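Presented below is the structure to which this report refers.
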Amino acid sequence: MTKEEEKGVMKRPFANFPGFWSNFFDQDLLQPFTEGFSNRGATVYEENGQLHVEVPVPGLDPKDIEVSLNKGVLFVKGKKEEVEEDKKRKFYRSSSREYSYSIILPTQVNEKQEPQATCENGILKISWDLAAQNEAKKITVKSKNS
């Protein structure tokens, strides 16, 4: 063992520098800030000529949910606030729930038709008929010289 190794001095202090950056970007930098949140994602699927979207909105009534569609993006927003007060027992409790989803639809839907939307057991289900797919039109290219 050399004297430098005994003292803990590195001959090449930046030897691990490239590996540091590759490991740095492989890590989820937001993990410490998002650990308390669950991943409640939407489910989107096609079946029988319809597009279906299922979004979890636990604890919300249909009247608390706002749904809109704009340029192929589905927006779902829901909010509910509850306040409970008992002056006899000097008790006060306030709680709120809020959900917001923006979902890019993977295919064209018939926007002229009103979709079917139901909310049951904390799951909002929205269904549209798929739009008729236009087939590509072939264009003939002509020479300017002929």
Among what's in the stretch 45-76 and is among the small types (Gly, Ala, Ser) and under 15 Å from residue 118 (Cα atoms), pick the residue that is farthest from the chain's Cα centre (by Cα). 59
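Please work out if residue 108 is touching a residue at least 40 places away in the same chain (Cβ under 8 Å), more than 16 Å from the chain's Cα centre (by Cα) and under 19 Å from residue 132 (Cα atoms).
Working: touching a residue at least 40 places away in the same chain (Cβ under 8 Å): no; more than 16 Å from the chain's Cα centre (by Cα): yes; under 19 Å from residue 132 (Cα atoms): yes.
When the stated conditions are applied, residue 108 does not pass them.
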Take the residues of the stretch 111-129 that are in a loop (DSSP other than H, G, I, E, B) and in contact (Cβ under 8 Å) with a residue 12 or more places away in the chain: which is surrounded by the most Cβ atoms within 10 Å (Cβ to Cβ)? 115
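A short reminder: the numbers here are calculations on the coordinates, not readings from a lab. Everything numeric here is computed off the predicted structure, so don't read it as measured data. Cβ sites come from the backbone with ideal geometry, for glycine too, and all protein chains shown count toward neighbours.
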